[in-house]
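The structure under discussion appears below in the form of structure tokens.
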Amino acid sequence: MHSLIKEALELEGFTTISAFSGTEGKLLFEQYQIDLVLLDLMLPGMNGDVFLEDIRNSSTVPVIVISAINAQASKLELLTSGADDYITKPFDVKELLARVQIQLRHAEKATDSMIKEVQYKNISVNIDTREVKCNKQVIHLTGREYAILLLLLAHPHKVFSRANIYESVWNEPFLANDKTINMHISNLRQKLNVEDTNYIKTVWGIGFKFD
């Protein structure tokens, strides 16, 4: 079933990351930018309901629970605990894809309606005007620099790999030898390096984070 779901999602243009235990899922969730989680409750290491609680402690990302348990009480308990949807095995993959699309649309609308300005320490970004200020001074960014800044600001302290950044901003597959990200990060650092405050930190061997 895992392979079938993964293949169906990728045929629809989604990028997928697979975890085969709750512990592995937690590590991947902390390392990558995740837009939606398909969560099977029967996970080794850390079971699904504990993983759901862990996700909700730090994120509002949509979570669709997949389970063989069809009891109404279990569904209600999980939805109350923070799941956005619940689908029971066996299920039609097309129905799952439809539910994924619905949850992503809801998340996008919620983000658009709620966020008009992003503020972090001395940096502010006006989403409507795309104006960026650092210490109340306007900073002029290119389109790519602006997109990278928003991505990092949306998840302070979260580490993004070069592949995460490239695929999120360029919407293309990442090439391992591509130096584009390093160049854009360097330029962004210079523009935000006000009074020797370097907001973008390098996490060696992994990528970058906003701090």
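The values are calculated or read from the model by the stated rules, or taken from the named source; none is laboratory data. Please read these numbers as outputs of a predicted model, since none were measured by experiment. Methodologically, a virtual Cβ is constructed for each residue, glycine included, from the backbone with ideal geometry; neighbour enumeration extends over all protein chains shown. We work out accessible area using only protein heavy atoms, side chains counted, and drop any ligands, DNA or RNA first. Shrake-Rupley method; radii C 1.70, N 1.55, O 1.52, S 1.80 Å.
Would you mind stating whether I69 is among the aliphatic types (A, V, I, L, M), in contact with a Cys (Cβ under 7 Å, 6 or more places away or on another chain) and touching a residue at least 12 places away in the same chain (Cβ under 8 Å)? The answer is no for I69.
Only residues that are surrounded by fewer than 17 Cβ atoms within 10 Å (Cβ to Cβ) and either modelled with pLDDT of 85 or more or in a loop (DSSP other than H, G, I, E, B) (or both) were counted across region 181-211, and they come to 18. Which of the residues belonging to region 8-54 are out of contact with any helix residue (DSSP H, G or I) (no Cβ under 9 Å at 6 or more places or on another chain), open to solvent by 80 Å² or more (accessible area, probe 1.4 Å) and not aliphatic (A, V, I, L, M)? Answer for region 8-54, where residues must be out of contact with any helix residue (DSSP H, G or I) (no Cβ under 9 Å at 6 or more places or on another chain), open to solvent by 80 Å² or more (accessible area, probe 1.4 Å) and not aliphatic (A, V, I, L, M): E10, E30. Scanning region 138-163 for residues that are assigned to a helix (DSSP H, G or I), touching a strand residue (DSSP E or B) at 6+ places or on another chain (Cβ under 8 Å) and open to solvent by 40 Å² or more (accessible area, probe 1.4 Å) yields L150, A154, R162.
Against the criterion of being modelled with pLDDT under 85 and charged (D, E, K, R), E145 does not qualify. Tell me, yes or no, whether region 119-137 has at least one residue that is open to solvent by 70 Å² or more (accessible area, probe 1.4 Å) and under 20 Å from P62 (Cβ atoms). Scanning region 119-137 turns up no residue that is open to solvent by 70 Å² or more (accessible area, probe 1.4 Å) and under 20 Å from P62 (Cβ atoms).
Take the residues of region 109-118 that are hydrophobic (A, V, I, L, M, F, W, C) and open to solvent by 60 Å² or more (accessible area, probe 1.4 Å): which is nearest to K191 (Cα to Cα)?
I115
Return the residue satisfying two criteria in turn: it lies in region 59-108 and is open to solvent by 70 Å² or more (accessible area, probe 1.4 Å) and among the hydrophobic types (A, V, I, L, M, F, W, C), and of such residues it is farthest from the chain's Cα centre (by Cα). The residue in question is A73. With respect to P90, determine if the residue is farther than 30 Å from I185 by Cβ and either without any contact (Cβ under 8 Å) to a residue 60 or more places away in the chain or in contact with a helix residue (DSSP H, G or I) (Cβ under 8 Å, 6 or more places away or on another chain) (or both). For P90, the condition - farther than 30 Å from I185 by Cβ and either without any contact (Cβ under 8 Å) to a residue 60 or more places away in the chain or in contact with a helix residue (DSSP H, G or I) (Cβ under 8 Å, 6 or more places away or on another chain) (or both) - is met.
Matching residues to (1) within 30 Å of G205 (Cβ to Cβ); (2) among the hydrophobic types (A, V, I, L, M, F, W, C):
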{"residue": "K6", "(1), (2)": "yes, no"}
{"residue": "I55", "(1), (2)": "yes, yes"}
{"residue": "E77", "(1), (2)": "no, no"}
{"residue": "V93", "(1), (2)": "no, yes"}
